[in-house]
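See below for the structure under consideration.
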């Protein structure tokens with residue numbers, strides 16, 4: 001679109017704005033449609049479970065419910081920001097072996113040698129990846145509920161938290 005002077009319209013001038021990189025990386029762990037029974041029938045809403053982290057030692061897990069998916073994800077991210085922990089990552093792994101039981105979720109985390117990678121499943125992998133740990137071996141026992149496993153993993157990592 002050009003005006004009579006041959007200049008391009010101002011409408012497209014701001015198209016090339018660089019988007020700012022967000023402070024935290026986000027991973028959607030679980031998205032569930034939940035139902036509430038009311039007098040007229042059923043009301044549906046969405047529950048989102050998010051993990052956020054900066055891959056430099058900060059990580060948090062949050063849950064949010066909303067009438068649509070974007071509302072639920074936004075609320076979950078805000079909840080995760082409130083529950084951030086700051087841990088020490090030495091040589092890309094954890095300092096020592098850790099075992100924790102939280103509710104029915106039992107998590108085992110073991111340090112691994114350089115280059116081994118993240119040997120973990122589902123929710124544990126998401127949490128340790130977003131905290132910035134590169135080499136770790138883990139096993140999740142008990143429940144397969146992603147939210148409980150993620151919270152148990154955060155509980156295990158709190159042991160390595162930097163005291164401010």
**Report entry** Which listed residue, of 75, 55, is modelled with pLDDT of 95 or more and surrounded by 15 or more Cβ atoms within 10 Å (Cβ to Cβ)
**Finding:** 75
Report task. Within segment 19-44, work out how many residues are touching a strand residue (DSSP E or B) at 6+ places or on another chain (Cβ under 9 Å) and either part of a strand (DSSP E or B) or under 15 Å from residue 67 (Cα atoms) (or both). Result -> 16
Query raised in the report: Any chance segment 120-139 includes a residue that's exposed (fewer than 14 other Cβ atoms within 10 Å of the Cβ), without any contact (Cβ under 8 Å) to a residue 40 or more places away in the chain and over 26 Å from residue 65 (Cα atoms)?
Result: no
Query raised in the report: If you go through segment 95-111 one residue at a time, do you hit one that is closer than 23 Å to residue 23 by Cβ, surrounded by 15 or more Cβ atoms within 10 Å (Cβ to Cβ) and in contact with a helix residue (DSSP H, G or I) (Cβ under 6 Å, 6 or more places away or on another chain)?
Result: no
Requested in this report: Answer with yes or no whether residue 116 is out of contact with any helix residue (DSSP H, G or I) (no Cβ under 7 Å at 6 or more places or on another chain) and closer than 12 Å to residue 153 by Cα.
Outcome: no
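The values are calculated or read from the model by the stated rules, or taken from the named source; none is laboratory data. This is a predicted model, so every value here is computed, not measured. In this analysis, Cβ positions are derived from the backbone assuming ideal geometry, glycine residues included, and neighbour counts consider all displayed protein chains.
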